[in-house]
Amino acid sequence: FSRLDVTRLGGTGIRRLATLLALGEILVTLTFAVNIYRGDRWGRPSRLNAPYDVIATRLAEAGFARGTIATGEGPLAGNLRLRFPESRIMRLTTPDYVPPERGGGQCLLAWEKGPADTVPAEIRSWLAAALDLRLTGREPVRILEARYHHAAHRTLVVRYVLLDEPRGRCR
């Protein structure tokens, strides 16, 4: 647009361009809205419908207040950051980044994909290296389920282990 020659367009050309830009903006906005409110009617629901707010509330109800949150792959870490801003957040997809401690608390391990009865091996080995956190394998794995927003059939499943006592450098 910085190279647009306004004198060549004239008044009619500028009005057409403005109309085209406004229609494009309306189309993009409507597409986002339809994508969200369609839920799972046309297949999988949008990632924008994932009920991370519900999952975070249920984690708080389960007893997590603040501390270190270590998650597997996916957007779970960033979404839990919104609910627990005072917590240190780590995720498996950026294993070399270990943020500094924020003054103690609990240790929450959470993942969406992986076994239901134990912490996934890749998370266990990553936490052993990054935080000197050694898991026994006997820690109880709990499961949270929440229906996707605006969806009738799709459910998000998050598994987690909540350690109330600090272990290694996970606190």
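The values are calculated or read from the model by the stated rules, or taken from the named source; none is laboratory data. The model shown is predicted, which means the values in this text are computed figures rather than measured ones. Neighbour counts are summed over all protein chains in view; Cβ atoms, including those assigned to glycine, are modelled from backbone coordinates with ideal geometry. Just so you know, the surface numbers come from the protein's heavy atoms only, side chains and all, with ligands and any DNA or RNA stripped out. Shrake-Rupley method; radii C 1.70, N 1.55, O 1.52, S 1.80 Å.
Quick notes on this structure:
- Failed item, numbered, when residue 102 is tested on (1) in contact with an Asp or Glu (Cβ under 8 Å, 6 or more places away or on another chain); (2) under 20 Å from residue 155 (Cα atoms): (2)
- Filter result for the condition that a residue is over 24 Å from residue 152 (Cα atoms) and over 17 Å from the mean Cα position of the chain (by Cα), over 135, 92, 82, 109: 135
- Residue within the stretch 11-24 that is modelled with pLDDT under 80, assigned to a loop (DSSP other than H, G, I, E, B), open to solvent by less than 100 Å² (accessible area, probe 1.4 Å) and not hydroxyl-bearing (Ser, Thr, Tyr) present: no
- Output for the stretch 25-41, where each listed residue is among the charged types (D, E, K, R) and assigned to a helix (DSSP H, G or I): 25
- Hey, residue 153 modelled with pLDDT under 95, touching a helix residue (DSSP H, G or I) at 6+ places or on another chain (Cβ under 9 Å) and farther than 22 Å from residue 100 by Cα or not: no
- Of the strands (runs of 3 or more DSSP E) that lie entirely inside the stretch 42-160, those containing 1 or more residues that are surrounded by 14 or more Cβ atoms within 10 Å (Cβ to Cβ) and of a type in the set (Val, Ile, Thr) span 67-71, 88-91.
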